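Trainee: Before anything else, here's the structure in question.
The values are calculated or read from the model by the stated rules, or taken from the named source; none is laboratory data. These numbers were taken from a predicted model, which means no experiment stands behind them. Positions of Cβ are backbone-derived with ideal geometry, glycine not excepted, and every protein chain shown enters the neighbour counts.
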Amino acid sequence: MGLDIRLPIGLLFVVIGAMLAGFGWLGDRTVYERSLHINVNLEWGLFMVLTGLVFLWLSRRHTAAMHPSEQSVEGRATEAREHATGLEGPDPQ
């Protein structure tokens, strides 16, 4: 099953972060008088966009994909050990 939640979460962060950063960039500057003139919307919007881009980059790397155990040295050793000791389950075929 190829369910990878990082793609929709990354898109969500990028879209909402871009809207928040746009509001902070184009919005009224007098709103930020209470926060010592720190544009919190712009800063958090940019942070959310960056976080979303990291999620999208990670979703492109396909690190969550499962590989058969025969493709790695450790997997082959585990399969051989389980076969020798009789620990492997019944064949699903």
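Trainee: Among the residues of segment 9-59, how many are exposed (fewer than 12 other Cβ atoms within 10 Å of the Cβ) and in a helix (DSSP H, G or I)? Before you say what the answer is, go through the steps one by one.
Mentor: Applying the first criterion (exposed (fewer than 12 other Cβ atoms within 10 Å of the Cβ)) to segment 9-59 yields 26, 28-30, 33-38, 57.
From what's left, in a helix (DSSP H, G or I): 26, 29-30, 33, 57.
Residues in segment 9-59 being exposed (fewer than 12 other Cβ atoms within 10 Å of the Cβ) and in a helix (DSSP H, G or I): 5 in total.
Trainee: Hey, does segment 78-92 have a residue that's farther than 30 Å from Tyr32 by Cα, exposed (fewer than 10 other Cβ atoms within 10 Å of the Cβ), acidic (Asp, Glu) and modelled with pLDDT under 80?
Mentor: Residues of segment 78-92 farther than 30 Å from Tyr32 by Cα: 78-92.
Still in the running and exposed (fewer than 10 other Cβ atoms within 10 Å of the Cβ): 84-87, 89-92.
Keeping just the survivors that are acidic (Asp, Glu) gives 91.
Restricting the remaining residues to those that are modelled with pLDDT under 80 gives 91.
Within segment 78-92, one or more residues are farther than 30 Å from Tyr32 by Cα, exposed (fewer than 10 other Cβ atoms within 10 Å of the Cβ), acidic (Asp, Glu) and modelled with pLDDT under 80.
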